[in-house]
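A short write-up of the structure that comes next.
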Amino acid sequence: MKHKASIMNIVGLCNVLQADALRFQGQFETTLLPGESNADACRRLGFKPGTRIVGNEGHGNTVIEITAIGERSILAKEISHNGEDRDGYESVWSLDCRMWLEVPKS
């Protein structure tokens, strides 16, 4: 079981590095398709309550945990930003302005 957790941490780190690389290359796009709601994007990508995702809009990596998916909107709590822990306050989030990638819970 310890090895599985280590592999999941490596996969999460690879996703974070991939997000940084895409942003650096100027290939960073939004997760949303044209006309798509945040909730629809979550359903399309398989994001569910409890899923942690990382995105970077040019100010460092932000990790959020989705807490609810509505008809058009999502609720999430911020877990960390630039590697610093956040308060985990739940609020409405948008998946626009950055590409979001799933990361495992550590």
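The values are calculated or read from the model by the stated rules, or taken from the named source; none is laboratory data. Small disclaimer: the values here were computed from a predicted structure and weren't measured. With ideal geometry, Cβ positions are generated from the backbone for all residues, glycine too; neighbour counts draw on all protein chains shown.
Just a few scattered comments:
- Within region 50-74, the set of residues being surrounded by fewer than 17 Cβ atoms within 10 Å (Cβ to Cβ) and more than 12 Å from Glu102 (Cα to Cα) comprises Glu57, Gly58, His59, Gly60, Thr67, Ala68, Gly70, Glu71, Arg72, Ser73.
- Failed item, numbered, when Arg43 is tested on (1) exposed (fewer than 15 other Cβ atoms within 10 Å of the Cβ); (2) assigned to a loop (DSSP other than H, G, I, E, B); (3) among the basic types (Lys, Arg): (2)
- Every pair of residues 6+ apart whose Cβ atoms lie under 8 Å, when the first sits in region 78-106 and is modelled with pLDDT under 90 while the second is in a loop (DSSP other than H, G, I, E, B) and of a type in the set (Ser, Thr, Tyr): Asp96/Thr30; Asp96/Thr31; Cys97/Thr30; Arg98/Thr30; Arg98/Thr31; Met99/Thr30; Met99/Thr31
- For region 78-99, a residue qualifies if it is over 16 Å from Leu32 (Cα atoms) and surrounded by 16 or more Cβ atoms within 10 Å (Cβ to Cβ), and the qualifying residues are Glu78, Ile79, Ser80.
- Checked against (1) in contact with a helix residue (DSSP H, G or I) (Cβ under 6 Å, 6 or more places away or on another chain); (2) modelled with pLDDT of 90 or more; (3) hydrophobic (A, V, I, L, M, F, W, C), Leu32 meets all criteria but (2).
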